[in-house]
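The values are calculated or read from the model by the stated rules, or taken from the named source; none is laboratory data. Only a predicted model underlies this, so the values are computations on that prediction, with no experimental measurement involved. All Cβ positions, even for glycine, are placed from backbone atoms using ideal geometry, and neighbour counts span all protein chains on display. The accessibility values were calculated without ligands, DNA or RNA, using every heavy atom of the protein model including side chains. Shrake-Rupley method; radii C 1.70, N 1.55, O 1.52, S 1.80 Å.
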Amino acid sequence: MSDAAPIAPRRVAGSVQRMAAVFRRELSGYFVTPVAYVFIVIFLLVTGLFTFSRDLGGFFERGQADLRPFFVFHPWLYLFLIPAVSMRLWAEERRQGTIELLMTLPIPLWAAIVGKFLAAWAFVAIALVLTSPLWVTVNYLGDPDNGVIFAGYIGSLLMAGAYLAIGSCVSALTRNQVIAFIITVVVCFAFLLPGFGPVTALLSAWAPPRLVEAAASFSFLARFESVAKGVLDLRDMVYFASVIALFLFGTAAAIEGKKAA
Amino acid sequence: MIDIRALSKRFGSLVAVDGVSFTVQRGEVLGFLGPNGAGKSTTMKMVTGFLAPSAGTAVVCGHDVVQEPLAVKERIGYLPEGAPAYPDMTPASFLGFVGAVRGLRGAALQRRIDELVSTVHLEGVMRQPIDTLSKGYKRRVGLAAAILHDPEVLIMDEPTDGLDPNQKHEVRQLIREMSPHKAIVLSTHILEEVEAVCTRAVIIARGRIVADGTPAELQARSRTHNAVRIAVRIASPGMTVGVRQELARLRYVDTVEPCASSADSAAFVVRPKPGRAVLPEVAQCVRAKGWAVEELRTDEGRLDEVFREITTGHASKGGAK
């Protein structure tokens, strides 16, 4: 660099702009490798399979113009697909050593965490949008309540956000993606169980009904149930938003903890 | 510009950095030396805000890294050890990302990137995934990212590690060119690098600073500093012993050691007493005796010798502050 080289005009970028830079880098990162395409293809195949299968969704057999057979399996689908998206969020940064680069750039920690989280969320949103042929199909075959379907999509996206936030937090704790994947599946599974029919039945055998109900109310499954029916309850939205906030704070705590270690 | 104050870092019971303090001014290139595991990288990671200090702090351009980490990060350019970069990105997109975070955009960013491409010679690889680049190119990408915002303070952890001699030369050239306007700290264990680019050297061992001075000052601490190497043609078989005795008798001479020589000559290293020079005495003796001298030169002292003595705890002399 010559001494006379003009210094490019520099201005202090706002934190939001820096977050946007992280978001863009992260989101484009999904698409430079085959991972994104593999994920989207698997997501579409499996949702299609579950929705149209005679034994599972029974889309045609029900003879109803709605997407309930599509949404009802999302909690279970996400259990394995979302951790596959979230596992690399921080574990990969640590393994590649790029976390040292990221954390020494002038990006506030929250902006890095939220930027990465939003990128993963946007990626899942893209996969969800690609299921829209289903929506076109029901509209062709019948006369569905599109408000209900829209509510279902919003609810599904919110739930995906909750899964992703859990995955983000777990990913921040390890440098191994496989471990991040497995632990995320286990933690997410724990968030499903209390509302899972066989488990609630087992619980109600000895626990007071109120406790069973309270436990179930913390379950993604119970929360998503009403959403899948098309009821977008504010309480459910607040619940998923709280889970997201809680685990993003957890992510920050995990990263700060490693910094001080 | 950089003021490191009693910086310490403990990992459990291990004290990695133990009360390190020094300052670096604009125009200085400080070589940070030490054996592997001495605490060089840990110190740099604390100054750049990647690790939180257990005690002490660093003030960069008037901003405390513990209190105002963002202000410090805005002013520092940092090349971490191994020059990590996102492997799936191309240098173009990677530098674009770093520039966006640094608040550069549009035409200004593009102009700056174009400038850097020719500065660190990235022509031809800008559209290749970083993953596929050679070590030398990766290092240059990291360096470009570190100096993209033309920082006042530049911190580099082993910037030339793993580069070939030509690449090393280029990087050193670049550092020299930038040095008048910046405060630069670079860690290395290549001592020739310190002699080549650094205006000052700090040696650290087991988390503590054990030496701080200009490379010349540190060289002066070498046992061979100002020692005279002399080779004399041997006329008769007994002459070798005679020459040695004559040399040992000279003023200020501490020791005379024989060293490797050819069949018809005798070579010695004449070490002076501390703080003395023996070359005039030796030269006078040569004239008086009429020896046929084949070689006569003064040793500047060897930095690697000083380094070894200091860092293994066998320092022979006092400090060169």
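Just one of (1) touching a strand residue (DSSP E or B) at 6+ places or on another chain (Cβ under 8 Å); (2) touching a residue at least 40 places away in the same chain (Cβ under 8 Å); (3) under 30 Å from B:LEU116 (Cβ atoms) fails for B:MET178. It is (2). Flag set for A:PHE220, criterion: surrounded by 22 or more Cβ atoms within 10 Å (Cβ to Cβ), in contact (Cβ under 8 Å) with a residue 24 or more places away in the chain and hydrophobic (A, V, I, L, M, F, W, C). For A:VAL178, the requirement of being surrounded by 20 or more Cβ atoms within 10 Å (Cβ to Cβ), modelled with pLDDT of 90 or more and either among the β-branched types (Val, Ile, Thr) or within 30 Å of A:ALA261 (Cα to Cα) (or both) is not met.
When residues in the range A:108-128 are screened for being aliphatic (A, V, I, L, M), closer than 18 Å to A:THR251 by Cα and open to solvent by 10 Å² or more (accessible area, probe 1.4 Å), 3 of them pass.
The set of residues in the range B:119-136 that are open to solvent by 60 Å² or more (accessible area, probe 1.4 Å), modelled with pLDDT of 90 or more and part of a helix (DSSP H, G or I) comprises B:ASP131, B:THR132. Scanning the range B:237-261 for residues that are in contact (Cβ under 8 Å) with a residue 24 or more places away in the chain and either under 24 Å from B:ALA277 (Cβ atoms) or open to solvent by 60 Å² or more (accessible area, probe 1.4 Å) (or both) yields B:VAL243, B:ARG244, B:GLU246, B:LEU247, B:LEU250, B:ARG251, B:TYR252, B:VAL253, B:CYS259, B:SER261. Residues in the range A:129-145 that are open to solvent by less than 60 Å² (accessible area, probe 1.4 Å) and not small (Gly, Ala, Ser): A:THR131, A:LEU134, A:THR137, A:VAL138, A:ASN139, A:PRO144.
Taking A:ALA120, is it modelled with pLDDT of 90 or more and away from chain B (no Cβ under 14 Å)? Yes.
Here A:VAL170 meets the list (1) open to solvent by 50 Å² or more (accessible area, probe 1.4 Å); (2) at pLDDT 95 or above; (3) aliphatic (A, V, I, L, M) almost entirely, failing just condition (1).
Is there a residue being under 22 Å from B:LYS168 (Cβ atoms), within 12 Å of chain A (Cβ to nearest Cβ), in a helix (DSSP H, G or I) and in contact (Cβ under 8 Å) with a residue 24 or more places away in the chain anywhere in the range B:108-115?
Of all residues in the range B:108-115, those under 22 Å from B:LYS168 (Cβ atoms) come to none.
No, the range B:108-115 contains no residue that is under 22 Å from B:LYS168 (Cβ atoms), within 12 Å of chain A (Cβ to nearest Cβ), in a helix (DSSP H, G or I) and in contact (Cβ under 8 Å) with a residue 24 or more places away in the chain.
Selection within the range B:295-314: residues that are closer than 19 Å to B:VAL256 by Cβ and either touching a strand residue (DSSP E or B) at 6+ places or on another chain (Cβ under 7 Å) or assigned to a helix (DSSP H, G or I) (or both). The member of this set that is most open to solvent (accessible area, probe 1.4 Å) is B:ARG297. Restricting attention to the range A:62-83, the residues being assigned to a loop (DSSP other than H, G, I, E, B) and surrounded by fewer than 23 Cβ atoms within 10 Å (Cβ to Cβ) number 6.
Selection of the range B:262-282 for residues being open to solvent by 30 Å² or more (accessible area, probe 1.4 Å) and assigned to a helix (DSSP H, G or I) yields B:LEU279, B:PRO280, B:GLU281. In the range A:205-214, how many are in a helix (DSSP H, G or I) and surrounded by fewer than 18 Cβ atoms within 10 Å (Cβ to Cβ)? Number of matching residues: 5. So, in the range A:223-257, of the ones that are touching a residue at least 40 places away in the same chain (Cβ under 8 Å) and open to solvent by 60 Å² or more (accessible area, probe 1.4 Å), which residue ends up nearest to the other protein chains (Cβ to nearest Cβ)? Among those residues, the one meeting the criterion is A:GLU256. Scanning the range A:1-21 turns up no residue that is more than 10 Å from every other protein chain (Cβ to nearest Cβ), surrounded by 15 or more Cβ atoms within 10 Å (Cβ to Cβ), farther than 26 Å from A:TRP76 by Cβ and modelled with pLDDT of 80 or more. Screening B:LYS45 on (1) among the basic types (Lys, Arg); (2) under 17 Å from B:THR188 (Cα atoms); (3) part of a strand (DSSP E or B) shows it passes everything except condition (3).
Whether a residue is touching a Leu at 6+ places or on another chain (Cβ under 8 Å), more than 8 Å from chain A (Cβ to nearest Cβ) and charged (D, E, K, R) was assessed, and B:LYS73 does not pass this test.
For the range B:76-95, filtered to residues that are at the interface with chain A (Cβ under 9 Å from one of its Cβ atoms) and assigned to a helix (DSSP H, G or I), the residue that is most open to solvent (accessible area, probe 1.4 Å) is B:SER93. Restricting the range B:169-201 to residues that are under 9 Å from the mean Cα position of the chain (by Cα) and of a type in the set (Gly, Ala, Ser), the residue that is most open to solvent (accessible area, probe 1.4 Å) is B:ALA196. With the structure loaded, tell me whether B:GLY290 is within 19 Å of B:MET239 (Cα to Cα) and at pLDDT below 85 or whether it fails that test. Answer is yes for this residue. Scanning the range B:219-233 for any residue that is over 24 Å from B:LEU33 (Cβ atoms), touching a residue at least 40 places away in the same chain (Cβ under 8 Å) and part of a helix (DSSP H, G or I) turns up nothing. Residues in the range B:147-175 that are part of a loop (DSSP other than H, G, I, E, B), within 11 Å of another protein chain (Cβ to nearest Cβ) and within 14 Å of B:VAL120 (Cβ to Cβ): B:LEU148, B:ASP150.
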